[in-house]
1. Return yes or no: is B:E680 closer than 20 Å to B:E399 by Cβ and at pLDDT 95 or above?
2. Of B:A104, B:A91, B:A63, which residue is surrounded by fewer than 15 Cβ atoms within 10 Å (Cβ to Cβ) and touching a Gly at 6+ places or on another chain (Cβ under 8 Å)?
3. Would you confirm, using the coordinates I've provided, whether B:V429 is at pLDDT below 95, surrounded by 24 or more Cβ atoms within 10 Å (Cβ to Cβ) and farther than 27 Å from B:A656 by Cα?
4. Is at least one residue of the stretch A:12-35 within 14 Å of chain B (Cβ to nearest Cβ) and either within 25 Å of A:N141 (Cα to Cα) or not charged (D, E, K, R) (or both)?
5. Restricting to helices (runs of 4 or more DSSP H) lying wholly in the stretch A:35-108: which have 1 or more residues that are charged (D, E, K, R) and within 20 Å of A:Y6 (Cβ to Cβ)?
6. Is one or more of the residues making up the stretch B:648-658 more than 30 Å from B:E517 (Cα to Cα) and in contact (Cβ under 8 Å) with a residue 12 or more places away in the chain?
7. Restricting to the stretch B:495-543, name every residue that is more than 22 Å from the chain's Cα centre (by Cα) and assigned to a helix (DSSP H, G or I).
8. Filter the stretch B:186-236 down to the residues that are in a helix (DSSP H, G or I) and surrounded by fewer than 21 Cβ atoms within 10 Å (Cβ to Cβ) and list them by number.
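The values are calculated or read from the model by the stated rules, or taken from the named source; none is laboratory data. Note that the structure is predicted; figures quoted are calculated from it, not measured. In this analysis, Cβ positions are derived from the backbone assuming ideal geometry, glycine residues included, and neighbour counts consider all displayed protein chains.
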Amino acid sequence: MQAFEYIPATTVKEAIAILAREGEQARVLSGGTDLIVQLREGRRKVRAVIDIKQIPEVNELSYDPATGLQIGAAVPCYRIYGSPAIAAAYPGLIDAVSLIGGVQIQGRATLGGNLCNSSPAADSIPALIAHQASALVMGENGERRIPIEEFCIAPGRTQLQRGEILLSIHIPPVSPYSGGAYLRFIPRNEMDIAVVGVGAWVALDQSGTTITAARIALGAVAPTPLYVPESGAGLIGKLVSSETVAEAATIAQAAARPITDMRGSAQQRSHLVGVLTRRALHIALKRAGYKSA
Amino acid sequence: METPVAEQAKATEVSVEERHYNIIGTRPIRHDGADKVTGKALYGADVRLNGMLYGKVLRSPHAHARILSIDVSRALALPGVKAVVTSADLATLDSVVSRVGEGAVNWRYLSNNILASDKVLYHGHAVAAVAATSLNAANEALNLIDVQYEPLPCVITAVQAMRPGAPILLQELRTNELGARGEIPTNIASHDQNMRGDLERGFAEAAVIVEREFTTGIVHQGYIEPHTATAVWGTDDQITIWTSTQGAHDARRQVAEVLQLPVSRIKVIPMEIGGGFGGKTVIYLEPVAALLSWKSGNRPVQVTMSRFEVFAGTGPTSSSVIKVKMGSASDGRITAAQVTMAYAAGAFPGSPVGGAMSVILNAYRMENVQIDGYDVVTNTPRVAAYRAPGGTNAAFASESVIDELACKLGIDPLEMRRINGAKEGDRRVDGPLIRRIGYLETVEKARASAHYQSPLPAPSTPGLKVGRGVASGWWGNWPGGTSSVSVIVNNDGTVNLIEGSTDIGGSRVAMAMQLAETLGLQAADIKPMVVDTDSVGYNDVTAGSRTTYSTGIAVHKAGLSIIQQMRERAAQLWDVESASVDYADGVISSKDNHIGFKELARKVGDGDGNVVASISISPNGDGVALATHIVDVEVDEETGKVQILRYTAVQDVGTAIHPAYVEGQIQGGAAQGIGWALNEEYVYDQQGRLLNGSLLDYSIPTALDLPMIEAVIVEVPNPTHPFGVRGVGEVPIVPPAGAVANAIANATGVRMTVLPMSPQHVLEALWTQGNERV
């Protein structure tokens, strides 16, 4: 590992100042489960590592049924699934945070880090997109809010500009009769990177039979996590049935742009998008209160 | 009273069927257990010496390239760097083949594998090494070594390497074609053949014929502890090496050959070993560390591989392509079998195709058979032994075809194996007559098992498919080699057992138990220790499932010598003829006297001359091992994922010295075989670069991927060992891939012909064979 300067920042302002000064030569450290590995393996070289874990704001985790869920950029996974209220409200998010790495990794890894690392196969991002989450970003010129589906622009690259830092992720409050799910396919049962990941979220009308809103997002089938609005849009106003779910899965499949690599072939991935979208939608529908006949 | 141990000494073969043992078959705590579980045990990388430097190895980024030049000047100028070595520091060795461990090695190739000379032959091939005062400086120095390469086209699989016009790895290589030397440069190192009977007639007699071609990927042993070596080249030119090895004496011999030094100049100190599975029978770092020590002014140098280096730079086992054609009469009798198999050796000749040619059909009586085997060099790491080398892929092919024949004939797959199974007096496909083996016993035990007798479980989720498969495995073991031990009776009545066989799987306790049984003592009375190469006679590697067998025979013989000496001491004490003194269960007695072992040891204490024995033996024995495995799987046909639901491994172990470690070997072998079956495989890009050289991307099963593996011990004692021991470590890895493939076929109707049976490969098979399902 090449030598670097370790800077434990205590305020957002301080972190922003360093990021503005160092640009690409600085990198924010929260859980470090990606960054440290990249530095050790020589895949990333930086002059400064800014530890944000001592900044109070980015460690905040708050949930209010009226306003939604606020996840500070340095909040590790275990705190999210460790909160019964959050787990009950956002089971689709919990699907993702509870399968990132293993238990030890989840003690450190953060959603903020998962987002900023911008891996096409990141587990939390399709779940966040499905839940209509947004990122609160701050720079020298103030705050801005970015929908998660627009946050990643390429493998390892995000919308963050020089001097900008991710403060938190916000997920809107849950509506009644709604539910989410995240499914990932891996060859083993643990400790793997997604061959394909699918996040799904649906809302039903009061009868629990007609879909009023739906969002589908895919992982590991494009250079960035992929929001497929047309897949969800096709479901709106329809009665829940195996056929409608299968149609949404087919639309998702058509949107995927997978490649062949060591984790799977393009053909396999395209096929899995269909299978996982269908399965994730069924779980989301069940969580939304749909009772199959 | 009878003296069974003395009787055994008279005959080379004794009936041990009805023996009763006091110690053997019990489960005492292993002597090294407390240190292991408290973290006190010292492994190779734990060595810390004053002034120690850290070495790192520069490795080839190319799969195949000519080395045009190496400039180390900038690396040497970096502060902290004390030495750099390249192949220029090694003598060019003669191209001579010697036996090393279970296999053979060409010394020139061994040297060229340790540091590449004119060409690099695989991604990860060692090119140079540095020693520096810190690991960071050593790593930085690697970036400053300027190597100019001329990249060459590469071949990754045996099929690619055998094509006419394929890039040639070794210009001097000629095919050994059934004993005759070929004339043209080639990648095919050898072609061997086993045959008997009349194939044409055999296939004509068949009611059903199945013919399939199987391909398998490269897999690594996956031992947890990376290779490591620490060396001091003393100012007296004596070299001391601390390392992790399956055979300290073999490591010494290999270092001596590579450095062109007499063995007496080298002392190898074996540290505790964190797994080997055959992969630590070959040296990589030891001469490099020694040369770095010499060039850095005799400072100690430690070199430890990263996980990537272990994958890319050390020997995995062969990928292969295996064609099997087999015919069976309608009564299930196999009438003919023809096999053609090519194993990829990696950069230098020496794949385990010979072992594979034995494994593939030796469990069965074969009248009409022909097996052709090819050893082929490829631009991948030179293979090393891996647990029953070559066996898993071979049995995957043959056990799949036998299963398919049984299915087509409507015969129960275990009945099919009972009909054709080999037994004492049959002749092996590779020649020798079969002595007492317990193959049919494993088949019967498997058939009677609760697992086989139970119905298949219902799928965990509607739509998933469940299936059951069985497969058998044969492994010859290596009931030979040299083993040397020394035994010292302490004057408190305990006994030191000094051995040189690396303890990988609990062999210290297994040796102590065999000595305790011989002497009529408790295992805790024996103090076993594995010592350095200067302190015990020559020992061959712990490999080939030989240690509990061969070193066990040495231990038993040493015990008999101690018994004889104790009788003589007692005779002196009582002033009687030693012939009138008996020894049984640790009690020495004559007509009027008796005395316990410990008491006598105290009486004849140090002042009267120690009671000691040193034995070196080279048994030319026998100890074939056989196993039959049963597996239930659940297949998700939409994703191709296979879940192992239940696994039972039945094995003839001869006699289980310490049943817990026998079960551990069986479970470990099955677990590794399941990994090979399901997901393990080296993945290369078009340029021959290894893509998945990490434990994240090279998918060894985790605890969540395996059920409890039930080990069922069958004991058909081996008549060539005093306690009936057969080696147990290797054969359990032979059947799993075949068993899993047969279970997948049972679940889905699709025959898998590729390893690993990863989700991608299973999906592809379902897509292509979906219409022709059985």
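1. Values: closer than 20 Å to B:E399 by Cβ: yes; at pLDDT 95 or above: yes.
For B:E680, the condition - closer than 20 Å to B:E399 by Cβ and at pLDDT 95 or above - is met.
2. Values: B:A91 fails: touching a Gly at 6+ places or on another chain (Cβ under 8 Å); B:A63 fails: surrounded by fewer than 15 Cβ atoms within 10 Å (Cβ to Cβ).
Every option except B:A104 fails the conditions.
3. On the way: at pLDDT below 95: yes; surrounded by 24 or more Cβ atoms within 10 Å (Cβ to Cβ): yes; farther than 27 Å from B:A656 by Cα: yes.
Yes; evaluated as a whole, the condition is true for this residue.
4. Here is the first cut: in the stretch A:12-35, the ones within 14 Å of chain B (Cβ to nearest Cβ) are A:33-34.
Filter once more, so that each one left must be either within 25 Å of A:N141 (Cα to Cα) or not charged (D, E, K, R) (or both): A:33.
Within the stretch A:12-35 (the criterion being within 14 Å of chain B (Cβ to nearest Cβ) and either within 25 Å of A:N141 (Cα to Cα) or not charged (D, E, K, R) (or both)), the answer is yes, since at least one residue qualifies.
5. Of the helices (runs of 4 or more DSSP H) lying wholly inside the stretch A:35-108, those with at least 1 residues that are charged (D, E, K, R) and within 20 Å of A:Y6 (Cβ to Cβ) span A:35-40.
6. Within the stretch B:648-658, the first condition is being more than 30 Å from B:E517 (Cα to Cα), and the residues that meet it are B:648.
Right, trim to in contact (Cβ under 8 Å) with a residue 12 or more places away in the chain and you get B:648.
Yes, the conditions are met somewhere in the stretch B:648-658.
7. B:A512, B:M513, B:Q514, B:L515, B:A516, B:E517, B:T518, B:L519, B:A523, B:A524, B:D525
8. Going residue by residue through the stretch B:186-236, those that are in a helix (DSSP H, G or I) are B:199-205.
Those that are in a helix (DSSP H, G or I) and surrounded by fewer than 21 Cβ atoms within 10 Å (Cβ to Cβ): B:L199, B:E200, B:R201, B:F203, B:A204, B:E205.
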